[in-house]
Amino acid sequence: MPTQVEHTKKARENESFAISLGTATQASVNWKLVVLFYAAVHYVEAYLAKLNQHLRSHTTSLHYS
């Protein structure tokens, strides 16, 4: 399972990518929102990893290690 550091790194990469998309078209705004959503998911997973809790998938409950 990814670590807190790995989730945080991915979240920051997603944020950087979202910034690069700009807002010139509605499609770029929509994609920016999708990428920022996934950045937020990684930040939540980083926090959970810090607590030694991990999601088995994005559709199931927490798994306590």
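The values are calculated or read from the model by the stated rules, or taken from the named source; none is laboratory data. Owing to the predicted nature of the structure, the values given are computational and were not obtained by experimental measurement. FYI the Cβ positions are ideal-geometry reconstructions off the backbone, even for glycines, and counts take in every protein chain you see.
Filtered by the rule that a residue be within 27 Å of M1 (Cβ to Cβ) and either basic (K, R) or modelled with pLDDT under 95 (or both), segment 11-37 gives a lone residue, R12. Taken together, the criteria exclude K50 from residues that are charged (D, E, K, R) and surrounded by 14 or more Cβ atoms within 10 Å (Cβ to Cβ). One residue stands out among those in segment 4-28 that are exposed (fewer than 13 other Cβ atoms within 10 Å of the Cβ) and in contact with a helix residue (DSSP H, G or I) (Cβ under 7 Å, 6 or more places away or on another chain): the one that is nearest to K50 (Cα to Cα), which is G22.
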